[in-house]
Amino acid sequence: MIQEKLKTYVDTLNTMDDMTDRYVWLMDFGKKSATVPERFKLPEFEVPGCQSQTWLVPHFTYDDKIYFTADSAALISKGMVCLLADVFSNSTRDEIKKFDTASLDGLNLSSLLTPGRRNGVYSMLKVIQGYGQYKDQTLQS
């Protein structure tokens, strides 16, 4: 399921030849995405390594699925973190653990984002993969 959702975004972004169009799409995606409630904008949900404040909040279900809500102070970062939150939401820990990071190559992050923002995306992914390892469901909401 992760790969299918990722492919949808890869296909969408790759239909745009102009980088400006990709930026606009990413920022619009961030604008249209839900925001994280203030009560969850806590240090434990902040993504380290991002150039702007970015939050990624897991929601664990009893059937071993994880959903994510995400937000960021910057629109490009918000677009990326919300895209990743959508790609990985409704996945099991096992599916997240098995995800191959090289699959992100289809997004062409090297041409879309600055090195600092690319590092932020990989920090987001590392946080998601960390929740895939998470055994205790005390963060349920």
Condition first: among the charged types (D, E, K, R) and in a helix (DSSP H, G or I). Can you find one or more residues in the stretch 60-76 that meet it? no
Within the stretch 1-23, is there a residue that is without any contact (Cβ under 8 Å) to a residue 24 or more places away in the chain and of a type in the set (Phe, Trp, Tyr)? no
In the stretch 98-116, anything among the hydrophobic types (A, V, I, L, M, F, W, C) and in contact (Cβ under 8 Å) with a residue 24 or more places away in the chain is listed as PHE99, LEU104, LEU107, LEU112, LEU113
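Taking the stated definitions as given, is SER89 under 20 Å from ASP11 (Cα atoms), of a type in the set (Ser, Thr, Tyr) and at pLDDT 95 or above?
In short, yes.
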Of the residues in the stretch 2-16, those that are more than 15 Å from the chain's Cα centre (by Cα) and surrounded by 12 or more Cβ atoms within 10 Å (Cβ to Cβ) come to THR12, LEU13, ASN14, MET16
The condition from (1) closer than 16 Å to TYR9 by Cβ; (2) surrounded by 12 or more Cβ atoms within 10 Å (Cβ to Cβ); (3) touching a residue at least 60 places away in the same chain (Cβ under 8 Å) that GLU95 misses is numbered (1)
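The values are calculated or read from the model by the stated rules, or taken from the named source; none is laboratory data. The structure displayed is predicted, hence computed values, not measured ones. Counting neighbours? That spans all protein chains shown, and the Cβs are built from the backbone with ideal geometry, glycine included.
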